[in-house]
Amino acid sequence: MSDELEVLIEKRDGLGLITLNRPKAINALNHSMVKAMAKALAEWKSDDDVKAVVLTGAGERGLCAGGDIVSIYHDAKDGKTGSLDFWREEYILNSEIANYPKPYVAIMDGIVMGGGVGVSAHGDIRIVTERSMIGMPETGIGFIPDVGGTYLLSRAPGELGTHIALTTARLSAGDAIAAGFADHFIPSENIETFIAALASSSVADAVAQYAEPAPVSELLAQQSWIDAAYSADDVSTIVERLRASGIPEAEKAAEQILGKSPIALSVTLRSLRHAKEAASLEEVLNEEFRVSTAALASHDLVEGIRAQVVEKDRNPKWLPATLEDVTAESVDAYFAPLGDNELGLTPQPQGN
C-alpha cells in the first residue's frame, strides 16, 4: 500500500480494513475515495475471508472532516455539475453501509463532520472516544445536511436533531451516543487493541471487552428547553422561542442560528420534518439529492464556502438576508423533482 493512496484498503486477520488517508485535509472525502470504498465493500460482501469491516482515519485529527468543499465551491462557482456525480455515488455508498450484511465498525475518533458522518454513523457498530467531535455543519456554508444526515437527525430524541442541524452544534462522545449517532465509548488509547481484538474474537465480545460507560451528555440535559423551542415548524418562531426563554444556552442558540444561511435553515427544517415521516433511509437520500442539486445552483452555497473556507472573512452575505425574506416558493424549489436525474434508491431489505 502506498502512502500516496487516498484510501488504504487491506484484508488482514479476517478483517476488511478501510483507512481514509488524507490526514492533512482531515481525510476529507472526494469522489475517488468514495469509489474506492464502494469497490472494497462490494468485493468483501461475498468474501468469506472478511468477517467484519473496520473504518478508520489516518493521522491524529479525526476520521473525516466531511466532503471536499473547496472542490464543491469551484464546481458551483463555475456552474459545473461534477459534484452531483460525487454526491450520487456518495449517497449510494451511505445506503450500502447502512445495509451492509457484515459488521461495519466505524472508529469515529477526533473530528467527524458532514460526509464523515455519512460513512460512519450509518454503520451498525459506531465507536466514539474522548476526542470525538461530531457535527453536521452545513447550514453555516449555505448547504443542507445530506449523506443521510437528515434521517439521523430526525430520529434523535425529541428535537435534539433540529437543534444540532440549525445551530451546527458539535457533539461530544456522550452527546453522539445520546443523539443516536454512535453506539459505544472506547478511550482512544485502547482503539488499536480493540481492533486487534476484532480479529481474534467476535465483534460483540471485543465491544464487551473494551467499551466503557458513555460520558454524560450535556446536550441531553438541555432537552426540555430544546424540545419546547424547536417543535415549531418555522425557523423564525424557533428563534423567537429561544430568545424569550430566559435561558442563556437557548439565547446563545438563537444567535448561532441567526448567523447561518436563512434559506438553508428553512430548507433544513422542512427536510428534517420530511425525514421524520420517511419510511426508509433511501427515501430520505433521494430527497436529499434533490435538495443538494438545488443547493449547488444557489447563491448561498458559493457565498458560504467563500466566507468560511476560501477567503475566511467569516462575513457571508446571504441571499435572502433574513429569515423573514425567505418565501415558501423559494423553499419549495429545493424539493423539485429531477426527472431522469433522480437518485432513485429503493429500500434494501437485507439491512442489519
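The values are calculated or read from the model by the stated rules, or taken from the named source; none is laboratory data. Quick caveat, the model's predicted, so the values are computed rather than measured. FYI the Cβ positions are ideal-geometry reconstructions off the backbone, even for glycines, and counts take in every protein chain you see. Heavy atoms of the whole protein, side chains included, go into the accessibility calculation; ligands, DNA and RNA do not. Shrake-Rupley method; radii C 1.70, N 1.55, O 1.52, S 1.80 Å.
The table below lists the values:
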read-out	value
MET136 accessible area, assembled protein chains, probe 1.4 Å, Å²	0
Under-5 Å amide H pairs with ILE125, H placed in peptide plane, nonlocal only	TYR104, ALA106
On Cα atoms only, tilt of 281-296 relative to the major axis of the chain in degrees	50
Mean-position separation - Cα centroids, the range 1-69 and the range 278-352, in angstrom	27
Full-extension gain in nm, PHE335 to SER200, via 0.36 nm per residue minus C-alpha separation	43.8 nm
Neighbour-limited loop hits for trypsin sites (Lys or Arg not before Pro), the range 280-331 (at most 13 other Cβ within 10 Å; DSSP other than H, G, I, E, B)	LYS312, ARG314, LYS317
Using alpha-carbon coordinates, inclination of helix 191-200 to the longest axis of the chain, degrees	50
Bridge type composition, the range 5-338 - antiparallel percent by DSSP, nearest 5	30
Neighbour count of at most 15 Cβ within 10 Å plus DSSP loop: longest GluC sites (Glu not before Pro)-free window in the chain	219-310
Neighbour net charge for VAL235 - beta-carbon separation under 15 angstrom, K R +1, D E -1	-4
Cross-link pairs beyond the 28 Å C-alpha cut-off, checked among LYS35/LYS77; LYS39/LYS260; LYS39/LYS276; LYS11/LYS35; LYS276/LYS312	LYS39/LYS260; LYS39/LYS276; LYS276/LYS312
Area of HIS31 that stays accessible when all protein chains are in place (1.4 Å probe, Å², to 10)	50
Radius 14 Å from Cβ of GLU324, net charge of other residues (Lys, Arg +1; Asp, Glu -1)	-3
Around VAL112: net Lys/Arg minus Asp/Glu count, Cβ-Cβ under 11 Å	+3
Angle in degrees between helix 31-45 and the longest Cα principal axis of the chain, rounded to the nearest 10	40
Structure-based [θ]222 nm, the chain - -39500 (n - 2.57) summed over DSSP H runs of at least 4, per residue, nearest 500	-13000 deg cm²/dmol
Counting DSSP beta bridges with both ends in the range 1-159, the antiparallel % (nearest 5)	25
